Amino acid sequence: MLDNKETKIIKIFIYIVCILLTVLSIFPFWIMIVNATRSTNQIQQHAVSLIPSTYLMNNVKIITEKGSFNAMVGFKNSIIISGCSTLCATYFSTLTAYAIVVYDWKLKNAFFSFVMAIMMIPAQVTMIGFYQMVYKIGMTNNLLMLIIPSVAAPSMVFFMRQYMIPSLPLEIVQAARIDGAKEFFTFNVIALPIMKPAIATQAIFTFVSSWNNLFTPMVLLTKSDKYTMPIMVSLLKGDIYKTEYGSIYLGLTLTVLPLIIVYLFLAKYIVAGVALGSVKG
Amino acid sequence: MKNKNNINAKYAKFGYIFVIPFVVVFLIFSFWPILYTTAVGFTDLKGLGNTNMHLLKDDIFANFKNVLSSATFQVSIKNTVKMWVLNFIPQVLLALLLASWFTDKRSKVAGEGFFKIIFYMPNIITAATVAILFASLFGYPMGPVNDLMTRFGLNRSGEPINFFLSKGVAQGVVIFIQTWMWYGYTTINIIAGVNGISPEIFESAEVDGATRTQTFFQITLPNIKTIMLFILVTSLIGGLNMFDIPKLLVTNSGPDNATKTTSVFIYDQAFSGSYLYNRAGAASMIMFVIIVILSALLFYLMRDKDEVALKKLAKKQEKMRAAELKAQELLKGV
């Protein structure tokens, strides 16, 4: 009886903390979305309001006419870079993992150890050399320079290998060989579909991290028609928008809303994917 | 047996062929830049658009010495470490607490899935956006935080506060944002780790009358060591490269370079002012070495001693078995 009462109190306490954290997660974004519909004047009087106002179109007008923030351009470039990077990373990581799992070659174990060793190298420490190299060949404003590097994604190779070992029986590959299938064909037609669940999880994370990346694009892209979404966002801190509070919030909302919508649709898989990554890693 | 080896040999070349794209791209876009960055650290390369570099003649380590003795770099290392440690500790404590609640069968929390989704949400939002959003929330003179403080009577002076004029507040907000963005991720990982522990261990602990606290410290914690190491190492590497939030939250890194991290230092050296690529290169390499040393140290400290001992034992037994087999074979031969 006593134990029951104690459990109840603990439970109530748990819910209070969880609800507080939920408010903390949502509140900043709620203020942002509401303020995107309010005028600068209203925000100056009371910066916090839970009820949307009617100045959304006015803010849209300000943000499209003033300054260099251009959500459409940023959106387009970010979609191109993130989309292509995700395709490259998932396809070639699966291919590399396939080479490690299916074939017996002399340097196989050495190669796998090498993949593990380079997994932790952060992009920042190689940036100076990377920039100099790209500058020398005159490709600084070329989106390809942000896409091609994703072909070599060591941590994804590691993940794909872990997933492939139990889920791709080598007998299938051998059966395909007996039927006369070429190796590359076997990979594309038989192995890739089996790897679909792993590819889907990894695709989400690659897409999101590529979409959110600020450092590399900020170093490489100098022309405003090549800017990605995070660079566009960083422009909102510029002087032009300093006094246009409503339009700053609108700009932020434009970059966040697509992410939140996609997240809410895929949340179950994303949360499962986060857990999977650590257990396998 | 021979036939199988033949087949393997026949297809071995595809192993090499299929890793070509990975290897080529790695060599060009990662390996070469690392070498290049290292090399730049030993040269006089500076100035926008300049690519001609010459090895330093007088003192080959001049850039490294310069960076290491630079007050700004020292401050940026201090800031980076401080802000990482102060966000990591509350983040892990909160995550451990939430995970222990969510995995405890005795007080099953309804809506666990919902809470996980909400707690993880800040992590997928663009860090650049989050930084500017918080800059606006803490805005002066009339940001939402100021508004709330006045409304709830928390601000006695009645005057709006310019938060980012204070070094402590600027760093505090960075720390808060980092914790806020990452505790959900850490929680989900720890929950996955706890769920991976065999339920029988918990059951027998319950039968033995262990309290919640005892169960947590003596069963849960030791069993999620690997996950904790994973979280620690990834967070450390991420933390030492903190860039987006400190760069965009306050203009010019705030008062006394309050939010200048090493990554911001490297960026500012290389891509603004006098474009000192050589010093940025040297600073990058210093950070690289620090990260490698710290990660290796963590792996060494957190390595599973029991597992190492078990492996040694297994090896010994294997050797003995092999010796036995050999002896038997020899005996047979006799």
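A few comments on the model shown:
- Ranked by the mean number of other Cβ atoms within 10 Å of their residues, highest first, the peptides B:24-35, B:146-157 fall in the order B:24-35, B:146-157.
- When B:182, B:101 are compared by accessible area of protein heavy atoms, the largest-first order is B:182, B:101, using a 1.4 Å probe.
- log₁₀ of I(q)/I(0) at q = 0.06, 0.07, 0.08 Å⁻¹ - the protein assembly as shown, Debye sum with one point per alpha carbon: -0.38, -0.52, -0.67
- Across the alpha-carbon atoms of chain B, the computed radius of gyration and Dmax are 27.3, 101 angstrom.
- Pairs of lysine residues in region B:73-303 - Cα separation under 14 Å, sequence separation of 8 or more or cross-chain: 6
- Qualifying trypsin sites (Lys or Arg not before Pro) for region B:34-124 [loop in DSSP, other Cβ within 10 Å: at most 12]: B:57, B:108
- Alpha carbon centroid spacing (whole Å) that separates region B:34-106 from region A:209-249: 24
- Sequence-distant lysines (8 or more away, or on other chains) whose Cα lies within less than 20 Å of residue B:57: B:46, B:65
- For the residues of B:106-118, the average number of beta carbons from a partner chain within 10 Å of their own beta carbon is 5.
- Highest-MSF residue in chain B out of B:44, B:58, B:104 [GNM, Cα springs under 10 Å]: B:58
- Residue-averaged 222 nm ellipticity for chain B, from DSSP H runs of 4+ at -39500 (n - 2.57), nearest 500: -23500 deg cm²/dmol
- Centroid-to-centroid separation of region B:203-267 and region A:64-94 [C-alpha atoms, Å]: 30
- For region B:106-121, the residues whose amide N sits under 17 Å from a probe point set 7 Å from the Cα of residue A:7 along the beta carbon direction are B:106-111.
- Cross-link reach list, lysines versus residue A:106, counting only Cα pairs under 23 Å and skipping chain neighbours closer than eight places: A:182, B:2, B:4, B:10, B:13
- Cα gyration tensor shape of chain A, rounded if a/c is under 1.5, else prolate or oblate by comparing a/b with b/c: oblate
The values are calculated or read from the model by the stated rules, or taken from the named source; none is laboratory data. Only a predicted model underlies this, so the values are computations on that prediction, with no experimental measurement involved. Quick reminder, even Gly has a Cβ in these numbers, built from the backbone with ideal geometry, and neighbours come from all protein chains shown. SASA here: full protein model, heavy atoms, side chains in, ligands and nucleic acids out. Shrake-Rupley method; radii C 1.70, N 1.55, O 1.52, S 1.80 Å.
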